[in-house]
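**Q** After the structure tokens below, expect a handful of questions from me.
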Amino acid sequence: MIKEIIFASKNRGKIEEVKKILGEQNFIIRSLLDYENFPDIEETGNTFEENAKLKAAAVYKKFNMPVIADDSGLAVEQLKGAPGVYSARYAGENVTYEENNRKLIEELKSFPESHRAKFLCTAVYFDGEKYIIAAGELSGNIISTPRGTNGFGYDPIFIPEGSQLTLAEISSEEKNKISHRAKAFNKLKQMIK
Ligand code: IMP
């Protein structure tokens, strides 16, 4: 049976990825792009799980239908896990992805190569009663010169372990085979089917 779900996000990059991962033959996936006036949800949690739950609860309250939400970010080993839950606003509020990337490259200048990092994602499903939660991660290294134009966020400066290319140099199909978000949502998909 086809299930209608709303994805609590306005991030085009993420929405495209999640639609492909969950598969449009099983799910009708709405997103907050269909409701542009929906106010931004404050991410006041200290963990990806807390923030994903906050987003899911806020959207459920408004639409009263099953919600999926995620929170994700980059944790750099030499920076003790930063930018972490602050990944979207590392260089400040309302900054571009390029500004965040520049700040990260700058912060890492004083550290020796290589800069090990992980993308982390927690995905949740909420139907008004219980939260179903799944997590995923992708290990790799941060480079100091951005490469590639696909994807979003820190993709141009992240090389997955075992690869020569950044996440921005591979197709979305390739990224969806390995990404933190794909791992989290594939697990979640099995749990909510
Ligand atoms: P969120 O929308 O609060 O989950 O913020 C996630 C932020 O982490 C994004 O704005 C990006 O900066 C970063 N991020 C999360 N996932 C990815 C990814 O797959 N590629 C690149 N950056 C990502």
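The values are calculated or read from the model by the stated rules, or taken from the named source; none is laboratory data. Computed from a predicted model, the values in this text were never measured in an experiment. Cβ: placed from backbone, ideal geometry, glycine included. Neighbour counts: every protein chain shown. Note: accessible area is taken over every heavy atom of the protein model, side chains too, but ligands, DNA and RNA are not part of it. Shrake-Rupley method; radii C 1.70, N 1.55, O 1.52, S 1.80 Å.
**Q** From the set of residues in the range 142-172 that are touching a residue at least 60 places away in the same chain (Cβ under 8 Å) and in a strand (DSSP E or B), which is nearest to residue 116 (Cα to Cα)?
**A** Of the range 142-172, the ones touching a residue at least 60 places away in the same chain (Cβ under 8 Å) are 142, 151-154, 158, 172.
The next check asks that each one be in a strand (DSSP E or B); those that pass are 142, 158.
Values: 142: 7, 158: 10 Å.
Checking each candidate, the answer is 142.
**Q** Looking at the range 89-106, can you tell me whether even one residue there is in contact with a strand residue (DSSP E or B) (Cβ under 8 Å, 6 or more places away or on another chain) and of a type in the set (Gly, Ala, Ser)?
**A** No.
**Q** Identify the residue in the range 66-83 that is closer than 23 Å to residue 182 by Cα and open to solvent by 10 Å² or more (accessible area, probe 1.4 Å) and, among all such residues, is farthest from the ligand (Cβ to nearest atom).
**A** Per the criteria, the residue is 66.
**Q** Have a look at 27, 63 and point out the one that is of a type in the set (Phe, Trp, Tyr) and crowded, with 16+ Cβ neighbours inside 10 Å. Give the steps one after another, and end with the answer.
**A** Values: 63 fails: crowded, with 16+ Cβ neighbours inside 10 Å.
One residue alone meets the criteria, 27.
**Q** Same structure, new question: For the range 114-132, state whether one or more residues are within 28 Å of residue 55 (Cα to Cα), open to solvent by less than 20 Å² (accessible area, probe 1.4 Å) and in a helix (DSSP H, G or I).
**A** no
**Q** Every residue in the range 1-44 that is modelled with pLDDT of 95 or more and assigned to a loop (DSSP other than H, G, I, E, B), please.
**A** Those that are modelled with pLDDT of 95 or more and assigned to a loop (DSSP other than H, G, I, E, B): 8, 9.
**Q** Take the residues in the range 1-30 that are away from the ligand (no atom under 12 Å from the Cβ) and of a type in the set (S, T, N, Q); name whichever of them is farthest from residue 127 (Cα to Cα).
**A** Residues of the range 1-30 that are away from the ligand (no atom under 12 Å from the Cβ), as a first pass: 1-6, 19-20, 22-30.
Next cut, of a type in the set (S, T, N, Q) only: 25-26.
Numbers: 25: 20, 26: 17 Å.
Only one residue fits best here, namely 25.
**Q** Further question: Quick test for you: out of 108, 104, pick the one residue that is more than 22 Å from residue 71 (Cβ to Cβ) and buried (at least 19 other Cβ atoms within 10 Å of the Cβ).
**A** So the residue among 108, 104 that is more than 22 Å from residue 71 (Cβ to Cβ) and buried (at least 19 other Cβ atoms within 10 Å of the Cβ) is 108.
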